[in-house]
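Step one of this worksheet: look at the structure below.
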Amino acid sequence: MITLKLPDGSVKEVAPGTTARQVAETIGKRLAQAAVAAKVDGEVIDLARELPPGEHTFQVLTEKDPDALDVLRHSCAHVMARAVLRLFPGTQLAFGPTIENGFYYDIDSPTPIREDDFPRIEAEMQKIVALAEPFERFERPTAEARGLCADLRQTLKVEHIDDLARDHPDGLSFYRQGEFIDLCRGPHLPHAGRIGAFKLLSIAGAYWKNDASRKQLQRLYGTAFFSHKDLDAYLHQLEEAKKRDHRLLGKQLKLFTISTMVGSGLILWMPKGAIVRGVLESFIKDELLKRGYQPVYTPHIGRLELYRTSGHFPYYRDAQFPPMYTRPAAGALDLCQYRLSLGELDDKRETEFLQYAKTAYFVPPDYERAATQAEKLEYLHRYTLKMLETMQVDLPAYRAATDAKGRAEALLQWLADQEGFLLKPMNCPHHIHIYKAEPRSYRDLPVRLAEFGTVYRYEQTGELNGMTRVRGFTQDDAHLFMTADQVEAELKSNIELVLFIFTTLGLSDYRVRIGLRDPASSKYVGDPADWDRAEKTLIDVVKNLGMNYSAEAGEAAFYGPKIDFVVRDCIGREWQLGTVQLDYNLPKRFDLEYIGPDNAPHRPIMIHRAPFGSLERFMGILIEHFAGAFPAWLAPEQVRLVTVSEKFTAYGRQVEGELRAHGFRVQGDYRPEKIGFKIREAQLEKVPYMLVIGEKEQSAGTVAVRSRSEGDLGAVPVAEFVARLAREVRERRLGR
RNA sequence: GCCGCCUUAGCUCAGCCGGUAGAGCGGCGCUUUCGUAAAGCGCAGGUCCAGGGUUCGAGUCCCUGAGGCGGCUCCA
């Protein structure tokens with residue numbers, strides 16, 4: 001017998017071989033009709049599946065259950081794939097999972113699919129849904145499954161089976177629906193007729209198995225619901241969310257702009273945006289001073305040697321603006337050094353090298369693109385020799401070296417003596433040298449150096465996004481230098497600082513991610529023992545604070561693990577804001593020390609932290625968070641005075657002066673327009689308060705207050721309005 | 001960087017099968033002196049992203065490049 005525990009606590013015994021649907025029928029006919037799938041021991045299964053022997057929890061899923069929506073969407077992905085196969089014969093299927101608000105299917109079709117094709121595909125899907133054919137599960141031994149996929153000419157599926165044969169030696173499942181058969185774990189709807197409403201949303205490129213070196217496929221995104229009403233509600237919600245987009249609001253509200261001439265990913269803060277940023281900066285600066293931080297300033301560039309020492313230059317070469325050598329040819333040799341140190345020339349870098357070589361008139365005449373890696377490196381070597389010769393630089397160590405690695409090292413020796421600078425990609429090396437500028441005692445620790453430090457990173461063009469992913473940004477950065485037994489308290493205090501900032505701004509929808517190193521990757525520097533210690537400390541601190549978190553391998557910085565605060569933008573993309581990073585490595589690389597109570601030198605430990613992340617990204621997220629309607633303490637313009645007619649201009653100016661004298665950001669609108677028009681403008685500019693001034697106010701010495709969100713609040717004496725607003729600003733009230 | 005799409009007035013956008021460019025808002029001028037989300041009339045404003053090609057003729061078709069959007073990959 002099979003024993004099932006139902007959600008209401010009752011227990012049901014059924015015979016072996018009973019299907020989930022049969023159980024639903026014994027519970028109730030209506031329930032069986034409403035059933036979409038079943039949940040056994042937390043796992044969602046088809047209604048047609050026979051229940052496994054033993055004791056289980058059992059639940060029938062109906063349309064109301066969120067898990068049921070996933071099942072529906074997964075089935076809809078199959079329907080879409082089936083429609084695509086009909087319309088685009090020869091299409092290869094990859095993966096078709098559900099995602100948070102819908103589903104996608106990765107495909108490789110002989111003729112690329114375009115958004116114009118969506119209506120045809122949707123019409124074909126509609127036909128399939130109308131037939132209401134069942135989804136039938138069947139299983140095959142792995143070898144046979146491979147054969148079936150091969151017969152279906154689904155080469156990607158065959159490749160996938162080869163990859164996962166190890167993990168599934170005892171067979172794989174398929175689902176058949178009409179002529180369509182797909183390798184799939186399931187579960188699925190009983191039949192396609194249950195798909196109430198669906199829509200294809202977009203199309204994008206995606207790499208096979210998420211690997212950029214593999215083939216790029218087309219990813220078709222769609223969504224589906226049980227009812228048209230739900231679909232319409234979702235589409236409406238999408239439209240509304242788009243109106244909060246910081247790129248749109250930034251333009252409308254004149255907060256920031258990006259100019260092609262200045263460069264992609266470089267934010268120009270317009271006066272209104274600059275006000276908000278300034279208020280945020282003083283907010284955090286005051287907080288830091290209270291917490292024992294010391295503000296510092298450092299320049300925007302630093303010597304290459306500095307970043308060779310820190311590791312930033314060699315490790316993130318491709319993500320930086322090119323180095324600036326005072327001797328131009330050194331730049332070319334630097335490029336050679338880098339390629340030689342990598343020991344390979346991939347297609348992209350080979351093209352770059354050829355272009356570079358051409359401009360220097362050093363193209364090897366017999367250069368063949370099809371050369372092997374070894375031949376390519378040989379050309380690179382000959383090019384380097386030619387450069388050195390022309391520059392009349394004699395490098396015996398280079399000549400003596402026999403392989404690319406040796407040559408790279410010899411070149412680096414020479415480059416290290418060349419004067420070269422880098423736009424700073426991080427502030428830490430500069431701050432480290434402030435730490436190093438004086439001898440430190442254990443009594444001085446922790447030393448907390450803070451700066452709104454602007455850094456530059458050459459992000460790939462496809463990554464740039466409004467204010468959230470840029471090439472020049474300012475971190476509210478600080479570096480803390482401390483002893484081992486101060487680490488925990490400092491970490492804790494920094495996490496609390498981030499939380500304080502988030503609370504003040506009403507950012508409540510975030511998640512905490514602990515970034516650990518990926519054991520399989522070689523990008524991390526330092527002693528594994530230090531890493532283990534650092535990772536354990538971070539996890540302990542977060543646990544002790546009772547926070548929810550997810551620990552994710554591969555999300556660490558190259559020098560240490562970190563705690564990130566991740567938020568979502570208006571269309572659901574995640575961005576890292578606040579970050580706290582623990583670092584045992586840079587102190588070693590820069591040979592930092594302090595004198596301990598034992599009168600001997602010790603190595604300090606560093607924390608890197610930026611509660612906002614970057615002011616640019618934070619501002620972008622904040623614009624979306626408030627939908628452009630900043631609370632009074634942050635608003636670029638706090639008060640707009642609107643006069644009923646030009647007769648009241650004088651009184652208006654008097655009130656304006658009074659408010660300005662109290663430090664408020666106020667602007668008077670004295671144009672001979674109707675006040676309805678002036679109010680509309682102020683409302684659209686999202687000014688928190690409008691003060692209407694006419695005959696009554698002038699004679700009574702009052703102002704008629706109108707709130708952006710609550711409308712007419714009635715007249716009050718000017719002094720009273722001043723007191724109210726001052727309090728609202730002081731308390732950093734969020735309003736709504 | 002990769003795949004797909006987009007780029008027309010300051011902004012939002014129309015512009016058919018290739019025949020020489022339009023609207024609304026905004027701006028400016030005049031009139032209106034007005035009570036809580038748009039007063040009326042008039043005027044100005046365009047290298048149709050850039051470069052090349054096809055064509056008698058290109059905003060429209062083709063190629064290359066730049067910038068943007070959505071993904072993917074990346075993100076110290």
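With a cut-off of 8 Å between alpha carbons and a minimum separation of six or more residues, what is the relative contact order of chain A in percent?
Once divided by the residue count of chain A, the mean separation gives 9 percent.
Once amide H atoms are built 1.01 Å from N in the peptide plane, which residues 5 or more positions from A:Glu555, or in another chain, come under 5 Å H to H?
Under 5 Å from the amide H of A:Glu555: A:Leu516.
Would you work out the charge dipole size for chain A about its Cα centre, treating the Cβ of every Lys and Arg as +1 and the Cβ of every Asp and Glu as -1, and quote it to the nearest 20 debye?
In debye, rounded to 20, chain A gives about 1880.
What is the calculated FRET efficiency for A:Ala374 to A:Ala397, with r their C-beta to C-beta distance and R₀ = 30 Å, to the nearest 0.05?
After rounding to 0.05, the efficiency reads 0.90.
Given the options A:Leu164, A:Thr309, A:Ser709, identify the residue whose Cα lies farthest towards the positive end of the charge dipole of chain A (+1 on Cβ of Lys, Arg; -1 on Cβ of Asp, Glu).
A:Ser709
Counting every Cα pair in the stretch A:475-574, what percent are over 16 Å apart?
Within the stretch A:475-574, distances greater than 16 Å cover 62 percent of Cα pairs.
Using Cβ counts within 10 Å as a stand-in for footprinting exposure, how do A:His381, A:His625, A:His608 rank, fewest first?
Ordered from fewest to most neighbouring Cβ atoms within 10 Å, A:His381, A:His625, A:His608 come out as A:His381, A:His625, A:His608.
Applying the Karplus parametrisation 6.51 cos²θ - 1.76 cosθ + 1.60 with θ = phi - 60° to the phi angles of the stretch A:716-725, what ³J(HN,Hα) value in whole Hz is obtained for each residue in order, glycine and proline being reported as x?
Result, ordered by residue: 9, x, 3, 4, 5, 4, 4, 5, 4, 5 Hz.
Per residue of the stretch A:448-455, what does 6.51 cos²θ - 1.76 cosθ + 1.60 with θ = phi - 60° give for ³J(HN,Hα)? Whole Hz please, x for Gly and Pro, Karplus curve as stated.
Ordered by residue, 3J(HN,Hα) equals 10, 9, 10, 7, 7, x, 8, 10 Hz.
For the stretch A:634-695, what D do you get in µm² per second when you plug the Kirkwood radius from alpha-carbon pairs into Stokes-Einstein at 4 °C and 1.567 mPa s?
Stokes-Einstein gives a translational diffusion coefficient of 113 µm²/s.
If amide hydrogens are placed 1.01 Å from N in the peptide plane, which non-local residues have theirs closer than 5 Å to the one on A:Leu201?
The list, which skips near neighbours in sequence, is A:Tyr221, A:Gly222, A:Thr223.
Taking R0 as 22 Å, what FRET efficiency do you get between A:Lys29 and A:Thr62 from their Cβ-Cβ distance, rounded to the nearest 0.05?
0.95
Give the lysines whose C-alpha is closer than 23 Å to that of A:Lys272, dropping any in the same chain fewer than 8 places away, or say none.
Qualifying lysines at Cα under 23 Å: A:Lys242, A:Lys243, A:Lys251, A:Lys254, A:Lys285, A:Lys678, A:Lys686.
Compute the whole-percent fraction of alpha carbon pairs in chain A spaced more than 44 Å apart.
The answer is 46 percent, as a whole percent.
Suppose only helical runs count, i.e. DSSP H with n ≥ 4. What mean residue ellipticity at 222 nm does that imply for chain A under -39500 (n - 2.57) per run, divided by all residues and rounded to the nearest 500 deg cm²/dmol?
Calculated at 222 nm, the ellipticity per residue is -12000 deg cm²/dmol.
Run the simple label-point estimate for A:Glu488 and A:Glu144 please: 7 Å along Cα→C-beta, distance reported in nm.
About 5.9 nm separates the two model spin labels.
Taking every eigenvalue of the Cα gyration tensor of the stretch A:1-77, multiplying by 5 and rooting it, what semi-axes result, largest first, whole Å?
20, 13, 11
Once you treat every alpha carbon in the stretch A:114-244 as an equal point and sum by Debye, what is log10 I(q)/I(0) at q = 0.09, 0.11, 0.21 Å⁻¹?
-0.37, -0.55, -1.31
Between the stretch A:547-598 and the stretch A:142-182, how far is it from one alpha carbon centroid to the other, in angstrom?
42 Å
When the Karplus curve 6.51 cos²θ - 1.76 cosθ + 1.60 is applied with θ = phi - 60°, which whole-Hz ³J(HN,Hα) does each residue of the stretch A:629-643 get, with x for Gly and Pro?
Along the stretch A:629-643, the couplings run 8, 5, x, 3, 5, 9, 4, x, 10, 8, 9, 10, 8, 10, 8 Hz.
Enter the Cα centre distance for the pair the stretch A:28-107 and the stretch A:225-296, rounded to the nearest angstrom.
38 Å
Once the dipole of the stretch A:1-62 is set up with Lys and Arg at +1 and Asp and Glu at -1 on Cβ about the Cα centre, which of A:Ala32, A:Pro52, A:Thr19 lies farthest towards its positive end?
Selected residue: A:Ala32.
Measure off 7 Å from each Cα along the Cα-to-Cβ vector at A:Leu545 and A:Thr326, then give the distance between these two points in nanometres to one decimal.
A separation of 4.5 nm, rounded to one decimal place.
Values in this text are rule-based calculations from the coordinates and carry no lab data. Source: prediction; values computed, not measured. Please note: Cβ atoms are built from the backbone with ideal geometry, for glycine as well, and neighbour counts cover all protein chains shown.
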